[in-house]
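The next block holds one structure in the form of structure tokens; read it before the comments.
The values are calculated or read from the model by the stated rules, or taken from the named source; none is laboratory data. Since the structure is predicted, the reported quantities are computational estimates derived from the model, not experimental observations. In this analysis, Cβ positions are derived from the backbone assuming ideal geometry, glycine residues included, and neighbour counts consider all displayed protein chains.
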Amino acid sequence: MTPIGTQARIKSRIWQAVAQADLDVSALDKDTLEALVELTTEAAMLEMDAEIDKSLVEEQELAGKDTAVTPDILNDDKEDVLWEGRPFLSMVTHYLITDERVRITEGMFGKSRENVELVRIQDVDYAQTFSERLFKLGDITIRSHDSSHAIITLNNIRDPEAVYEILRRAVLSARKKHGFTYREEM
């Protein structure tokens, strides 16, 4: 389920509801009506995403999961969570960045997990399309030396620039901690 496809389906349903409701919208010009439908669509998507967040937080609370982050998190010997999230409108994919690895978990009933150790990450980039910028979403692309997961993309995450910075700093810290360096070839 992509946000763009979901947005188009919601917008279509709103137009259908307006047509079937026998509302007199003749007083509104075309641009105003389109802006109203667009605004309603965005509000519906944000509300759906908030409800998904709420249900996932409730699940975590029931499981007793604590995700508090302390300031000196990168300097201790245990694995600490730096960031966790999910793609916009997704209930089956979960992203976790710790001070040691990036983990992607997918599935509702059956689960699959991908892990990439931070010290194996070569490069991290983020990108946003125009529509993703409207929702403050973006994609983070991770390139690593892990042959089974050479390129991983964290899709449709909120505030990609902040997550990019968290990941970038964690990678640099992990390299320093383990004494790893990479030489670029020219």
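When residues in region 107-159 are screened for being more than 13 Å from the chain's Cα centre (by Cα) and among the acidic types (Asp, Glu), 5 of them pass. In this structure, Ile73 does satisfy being under 30 Å from Ser173 (Cβ atoms), modelled with pLDDT under 85 and either buried (at least 16 other Cβ atoms within 10 Å of the Cβ) or within 17 Å of the chain's Cα centre (by Cα) (or both).
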